[in-house]
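Quick notes on the structure that follows.
Rule-based calculations on the coordinates, nothing more; no lab input. This one's a predicted model, so the numbers in the text were calculated from it and none came from an experiment. As a convention, Cβ positions derive from the backbone with ideal geometry for all residues, glycine included, and neighbour counts pool all protein chains shown.
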Amino acid sequence: MALDPALLSEVLAGLDAAPRTLPAKLFYDEEGCRLFAAITELPEYYLTRTERALLAAEAGAIAAALPADASLVEYGASSEDKALVLLDALAAAGRTARCYVPIDIAAPALTALTARLATRRPGLVVAPLAADFLAPIALPSGASPPRVGFFPGSTIGNLEPTAARAFLAQARATLGPASRFLIGVDLRKDPARLLAAYDDAAGVTAAFNRNLLVRLNREAGADFDPAAFTHEARWNEAEGRIEMHLVSRRAQQVRVAGVTLRFSEGDSIHTENCYKHSLEGFVALAMAAGWEAPRMWTDAGATFALYLLAPSGGG
């Protein structure tokens, strides 16, 4: 399978830039999804288990704050596990969801998710949508208002502040005036803990990062030697973010879609950002996109937060 032409253009533009970059959406081919699922179970990667525990502990209160008979729209839905906690809480509160719309760029992951739900929740109406949720999207006709958006995993942290604000504004328009939006947000903490979460001892995150190059070899006619690049996680204090890089181990020449690229030893390809927000900082970001945050829950250590957003001005 060849890389989508628009994505290939984005890849080539990023590799020609200074500093070099690759779009993080490249991570989620079938192998990337498998590796990320493994990352979420690592001892260093506190995010998933902390969010799961927080969601389970507060599910009743969250469900009580959501509209009845809503359509649940999950952004970046490669797994149904967190959505099921929310759906079960809604059902227990007598607020059964009308349908579940998982949105993800990885179509194979959505296919597998839908098949699992046919067994796990045979009565649930599932309307998967394979799409880049950063672009404008049209929801399936069955996903009528009121709608509840769900964006777990602190995926909002992968977006630059300007892009995050644009996404939140777009989601407000997509979900509609009577919507609610539940978002998981990783909070600022000791950089040593953050760095360990993105550079685990078992090397799974390193394999996940280098899988970008494997995918480009397969889908873009590239000839990267993945072993010639070192995975590196960096904390950028000024920007409040973890950065993931692939650093060239030596001087080398690589071809991608017929274009020759030259790397010196130490040259980096910046592959992902993971912004860590303060409690007040995320509220300010949401407000700038037309939302307010009437409810928020954190774990005991205030390492992770769930924000329930509502459109500004009521609704």
### Summary
Once phi for every residue in region 221-233 is put through the Karplus expression 6.51 cos²θ - 1.76 cosθ + 1.60 (θ = phi - 60°), the whole-Hz ³J(HN,Hα) values, with Gly and Pro written as x, are x, 8, 10, 4, 9, x, 5, 8, 10, 9, 6, 9, 9
#### Entry: Solvent-free Debye scattering, log10 I(q)/I(0), computed from the Cα coordinates of region 45-168 at q = 0.13, 0.17 Å⁻¹
-0.52, -0.91
### Query
What is the ratio of the Cα radius of gyration of the chain to 2.2 N^0.38 Å, where N is its residue count, to two decimals?
1.01
### Query
How high is the relative contact order of region 22-96, given as a whole-number percent (alpha carbon pairs under 8 Å, six or more residues apart)?
30 percent
### Task
With θ set to phi - 60°, apply the Karplus curve 6.51 cos²θ - 1.76 cosθ + 1.60 along region 184-196 and write out the HN-Hα couplings as whole Hz, x wherever there is a Gly or Pro.
x, 10, 7, 9, 5, 7, 3, x, 5, 5, 5, 4, 5
### Interchain or long-range residues, amide H under 5 Å from residue 77's placed H
103, 104
### Query
Counting only residues 5 or more places away or on other chains, whose amide H sits under 5 Å from the amide H of residue 256 once H atoms are built in the peptide plane?
261
### Query
Over region 236-315, what is the mean sequence separation of C-alpha contacts under 8 Å (at least six apart), divided by residue count, expressed as relative contact order in percent?
23 percent
### Message
What distance in nm separates the two pseudo spin-label positions at residue 135 and residue 34, each 7 Å out from Cα along the beta-carbon direction?
### Response
2.7 nm
